[in-house]
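Take a look at the structure below.
The values are calculated or read from the model by the stated rules, or taken from the named source; none is laboratory data. Just so we're clear, the structure is a prediction, and the values are computed from it rather than from any experiment. Because the Cβ atoms are built from the backbone with ideal geometry, glycine has one as well, and the counts that use them run over all protein chains shown. Heavy atoms of the whole protein, side chains included, go into the accessibility calculation; ligands, DNA and RNA do not. Shrake-Rupley method; radii C 1.70, N 1.55, O 1.52, S 1.80 Å.
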Amino acid sequence: MLEIRNLHARIAETGTEIIRGLDLTVRDGEVAAIMGPNGSGKSTLSYILAGRDDYEVTEGEILFNGQSILGMDPAERAASGIFLAFQYPLEIPGVATMEFLKVALNAQRKARGEPELKIPDLLRKVKEAAGRLNMDMAMLKRPLNVGFSGGEKKRAEILQMSLLEPKLCVLDETDSGLDIDALKVVADGVNALRAPDRSMVVITHYQRLLDYIVPDTVHVLYKGRVIKSGDKSLALDLEQNGYADIIGEAA
Amino acid sequence: MNMHAKPQRTHAETALIDGFVERFSDLPGNEAVIRRRDDAVERLKAGLPTRRVEAWHYTDLRRLLATVPAYDPTASARPLPALLQGSTVLPVLNGVAAHAPRIEGVSVVGLEQKLADGSIAPAMTSRDAADVIAPLNAAFVTDGWFLDIADGAAVDGPIELQNVQAGGQVHVRFPVRVGAGARATIVERQSGSGDALVSSVSHMTVGEGADITWVILQEQPVGATHFGQFNAVLAKDAKLTLFVMNTGGKLVRQEIKVDAKGEGAVFNLRGVNLLNGDSHTDVTMVLDHSAPNTTSSEIIRNVVTGRARGVFQGQIRVDRLAQKTDAKMACNTLLLSDEGEFSAKPELEIFADDVACGHGATVTEIDRSHLFYLMARGVPEKQARGLLVRAFVAEVIEGLEDEALVAALEAKLEAWFARNG
């Protein structure tokens with residue numbers, strides 16, 4: 001599904017290198033957790049996968065189903081099946097959430113050569129998906145994310161993810177700002193999307209999220225490289241002993 | 001002997017003055033009106049203002065008004081479909097008011113009649129020395145509509161005043177009296193098909209406790225010059241919501257002068273300027289808070305493309321008697337081209353000590369993080385930009401209470417973006 005080889009990337013404006021030789025492979029259907037201390041490059045990795053142009057890839061390759069995505073803009077990557085659930089979803093005044101969902105869904109369908117969704121079909125799909133996430137349809141009439149609580153924003157992200165049906169889901173600190181009840185709802189939403197042909201990269205600072213979204217593999221990111229990989233027990237180990245030992249081993 | 005070195009008249013100045021001599025015998029009006037016309041032409045003879053006149057600092061009229069077309073008696077215009085369903089349309093077609101339909105609770109009189117009997121003459125004055133639009137209009141006005149909305153009338157359906165030009169010169173006037181407690185929605189359409197010079201002056205008195213929504217929709221073709229002037233005086237507890245949308249014209253100046261004269265009066269201005277090509281569009285507001293407990297808010301949103309230039313001047317004057325005034329003004333511009341420009345000049349003159357007044361002006365480009373967010377959901381860049389620009393403007397339109405009006409204005413917005421996106 002995803003193969004990152006010797007990736008180097010820097011902040012375009014300042015030239016500061018953030019990702020320094022990162023390797024990562026995520027197989028079809030795999031849920032890979034990315035953990036690491038603050039500043040290790042976790043969020044940067046998510047932005048680079050989605051194609052944000054504040055970052056510049058200077059070396060290495062990102063292959064998505066065998067194809068390089070480095071020459072694709074964010075919209076092309078999204079249409080090809082990559083989805084980033086933002087840590088801080090943006091508020092877009094003047095664009096109603098429902099209208100946005102319609103535009104995004106149809107843009108992706110159009111890019112894939114599929115016909116546009118009819119309004120009744122769209123409404124039915126959205127209603128079902130929103131129901132599973134305990135979201136009120138009235139919320140969807142409001143401008144996108146404007147005035148939404150932290151939990152509502154995260155739910156809106158997962159709603160988009162379930163409607164867009166991506167192949168690769170990148171979840172950036174989806175647990176941040178959520179209380180335990182909201183976390184369960186969001187995790188249920190994510191788990192419902194687990195499928196043999198869909199992979200997930202779950203970026204998190206805390207092991208807590210991984211109690212609810214159980215990963216197949218865990219990778220520790222430090223100074224822009226994966227310094228250790230393992231199964232879900234690695235996350236528990238980190239929770240108990242912190243990062244110091246692993247960082248020490250790698251140094 | 002007078003030794004002042006008078007600058008030579010421009011083509012436009014000469015054309016206006018000579019044009020008056022030619023037109024004079026065909027213009028309607030009794031003696032009182034003729035006197036007003038004569039005074040007005042004297043003012044025009046002083047010359048068009050340059051940027052040295054403060055009120056015209058960003059719109060150097062003497063330079064920008066290069067030519068003045070001659071009056072064209074052969075031009076004929078057709079009425080437009082109404083903006084809103086269920087409207088009563090009062091057309092003025094190339095300067096001639098067509099017919100007067102009956103409107104329950106409203107007395108409608110063609111302005112030509114009020115010029116002929118002289119009853120409009122007292123209103124044909126200029127505001128001050130810098131006023132050009134009122135004297136230009138007073139000199140040449142041919143027709144228009146006078147509306148008198150009865151006390152307590154709740155007018156059924158919107159009234160649409162249509163000023164449609166087909167070239168040459170068009171000068172119209174819309175005086176409106178709104179009785180106490182009356183309610184109405186009035187749409188002022190400024191449109192046409194020619195490269196005309198247009199002036200349109202409205203005077204409105206809003207009676208105690210009345211509630212009026214007035215929409216100015218200016219969609220002149222790319223070669224037209226449009227001068228609008230909207231004047232209103234608000235009595236006690238009167239409420240006026242004014243929506244101004246400029247989407248056309250080559251040289252446009254829309255002046256707004258509102259006096260919140262009665263205690264508790266409320267004035268809300270919402271403006272949308274969609275600017276393209278080589279156009280120059282100026283919205284200039286002067287708002288007086290003359291009584292205590294008066295409230296106003298102004299939000300202007302501008303989208304600038306091509307080599308267009310835009311201006312917003314907003315002056316709020318709070319009289320020393322106008323305690324507890326609450327006034328907020330914002331002017332936000334989205335600049336979509338390197339060659340476009342927008343000048344905003346907010347001014348507060350506050351003589352009372354217990355007031356809440358504020359203003360802000362911003363000029364920005366499209367927010368890159370917003371753009372990234374939309375693209376990350378699969379929306380192609382061009383479409384995502386369009387969505388964000390429309391959203392920037394739609395926010396102002398969506399604040400209106402009347403859903404039919406919101407839908408109609410959003411359709412205008414979509415049409416503009418379809419042509420200019």
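Structural remarks
- Residue count for the stretch A:81-107 satisfying the condition of being within 23 Å of A:Gly29 (Cα to Cα) and more than 9 Å from chain B (Cβ to nearest Cβ): 3.
- The number of residues in the stretch B:381-399 being in contact with a strand residue (DSSP E or B) (Cβ under 8 Å, 6 or more places away or on another chain), acidic (Asp, Glu) and more than 7 Å from chain A (Cβ to nearest Cβ) comes to 0.
- Considering the conditions (1) more than 13 Å from chain B (Cβ to nearest Cβ); (2) in a loop (DSSP other than H, G, I, E, B); (3) over 30 Å from B:Arg301 (Cβ atoms), A:Gly147 is excluded by exactly one of them, (3).
- Residue that is nearest to B:Asn137 (Cα to Cα) [pool: residues in the stretch B:33-55 that are touching a Pro at 6+ places or on another chain (Cβ under 8 Å) and assigned to a helix (DSSP H, G or I)]: B:Ala40
- Scanning the stretch A:82-116 for residues that are touching a Pro at 6+ places or on another chain (Cβ under 8 Å), surrounded by fewer than 21 Cβ atoms within 10 Å (Cβ to Cβ), within 28 Å of A:Ile4 (Cα to Cα) and in contact (Cβ under 8 Å) with a residue 24 or more places away in the chain turns up just one, A:Ala111.
- Options A:Phe100, A:Phe86, A:Phe64; residue that is aromatic (Phe, Trp, Tyr) and touching an Asp or Glu at 6+ places or on another chain (Cβ under 7 Å): A:Phe86
- Every condition in (1) of a type outside the set (Phe, Trp, Tyr); (2) over 22 Å from B:Ser343 (Cβ atoms); (3) not in a loop (DSSP other than H, G, I, E, B) holds for B:Gly262 except the one numbered (3).
- For the stretch A:158-169, the set of residues classified as more than 10 Å from every other protein chain (Cβ to nearest Cβ) and over 13 Å from A:Ala130 (Cβ atoms) consists of A:Glu165, A:Lys167, A:Leu168, A:Cys169, listed by residue number.
- Residue within the stretch B:139-154 that is closer than 28 Å to B:Glu208 by Cβ and touching a His at 6+ places or on another chain (Cβ under 8 Å) present: no
- Yes/no for B:Phe351 being more than 14 Å from chain A (Cβ to nearest Cβ) and touching a Lys or Arg at 6+ places or on another chain (Cβ under 7 Å): yes
- Subset of the stretch A:159-214 (residues that are over 14 Å from the mean Cα position of the chain (by Cα) and of a type in the set (Ser, Thr, Tyr)): A:Tyr206, A:Tyr212
Per-residue answers, yes or no, for (1) open to solvent by 40 Å² or more (accessible area, probe 1.4 Å); (2) at pLDDT 90 or above; (3) not hydrophobic (A, V, I, L, M, F, W, C):
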position: A:Leu164; (1), (2), (3): no, yes, no
position: A:Leu168; (1), (2), (3): no, yes, no
position: A:Ile180; (1), (2), (3): yes, no, no
position: A:Arg194; (1), (2), (3): yes, yes, yes
position: A:Tyr212; (1), (2), (3): yes, yes, yes
position: A:Leu221; (1), (2), (3): no, yes, no
position: A:Asp237; (1), (2), (3): yes, no, yes
position: A:Gln240; (1), (2), (3): yes, no, yes
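- Matching residues in the stretch A:187-210 - criterion: being within 23 Å of B:Tyr373 (Cα to Cα) and out of contact with any strand residue (DSSP E or B) (no Cβ under 9 Å at 6 or more places or on another chain): A:Ala187, A:Gly189
- Unique match (being among the β-branched types (Val, Ile, Thr) and either under 30 Å from B:Pro73 (Cα atoms) or open to solvent by less than 10 Å² (accessible area, probe 1.4 Å) (or both)) among B:Val286, B:Val252, B:Val266, B:Val233: B:Val252
- Looking only at the stretch A:45-80, and only at residues there that are more than 23 Å from B:Ala384 (Cα to Cα) and outside any strand (DSSP E or B), the one that is least open to solvent (accessible area, probe 1.4 Å): A:Leu45
- Just one of (1) at pLDDT 95 or above; (2) open to solvent by 10 Å² or more (accessible area, probe 1.4 Å); (3) of a type in the set (Val, Ile, Thr) fails for B:Thr67. It is (1).
- Subset of the stretch B:366-380 [facing another protein chain (nearest Cβ under 7 Å) and more than 17 Å from A:Gly81 (Cα to Cα)]: B:Ser369, B:His370
- Note on the stretch B:97-126: residues that are open to solvent by 80 Å² or more (accessible area, probe 1.4 Å) and either closer than 16 Å to B:Pro175 by Cβ or out of contact with any Gly (no Cβ under 9 Å at 6 or more places or on another chain) (or both) amount to 6.
- The set of residues in the stretch A:136-151 that are open to solvent by less than 20 Å² (accessible area, probe 1.4 Å) and over 20 Å from the mean Cα position of the chain (by Cα) comprises A:Met139, A:Leu140.
- The number of residues in the stretch B:388-399 being open to solvent by 60 Å² or more (accessible area, probe 1.4 Å) and out of contact with any helix residue (DSSP H, G or I) (no Cβ under 9 Å at 6 or more places or on another chain) comes to 1.
- From A:Glu59, A:Glu76, residue being closer than 26 Å to A:Val126 by Cβ and more than 7 Å from chain B (Cβ to nearest Cβ): A:Glu76
- Residue list for the stretch B:227-249, restricted to those being part of a loop (DSSP other than H, G, I, E, B) and in contact with a Lys or Arg (Cβ under 7 Å, 6 or more places away or on another chain): B:Ala235, B:Thr247
- Top-ranked residue in the stretch B:307-341 [being closer than 11 Å to B:Asn276 by Cα, under 23 Å from the mean Cα position of the chain (by Cα) and not hydrophobic (A, V, I, L, M, F, W, C); ranked as surrounded by the most Cβ atoms within 10 Å (Cβ to Cβ)]: B:Gly310
- In the stretch B:400-421, residue farthest from B:Thr213 (Cα to Cα) [restricted to those that are of a type in the set (D, E, K, R), part of a helix (DSSP H, G or I) and open to solvent by 60 Å² or more (accessible area, probe 1.4 Å)]: B:Arg419
- Qualifying residue in the stretch B:323-335 (condition: under 30 Å from B:Lys236 (Cα atoms), within 14 Å of another protein chain (Cβ to nearest Cβ) and modelled with pLDDT of 95 or more): yes
- So B:Ser296, is it outside any loop (DSSP other than H, G, I, E, B) and within 14 Å of another protein chain (Cβ to nearest Cβ): no
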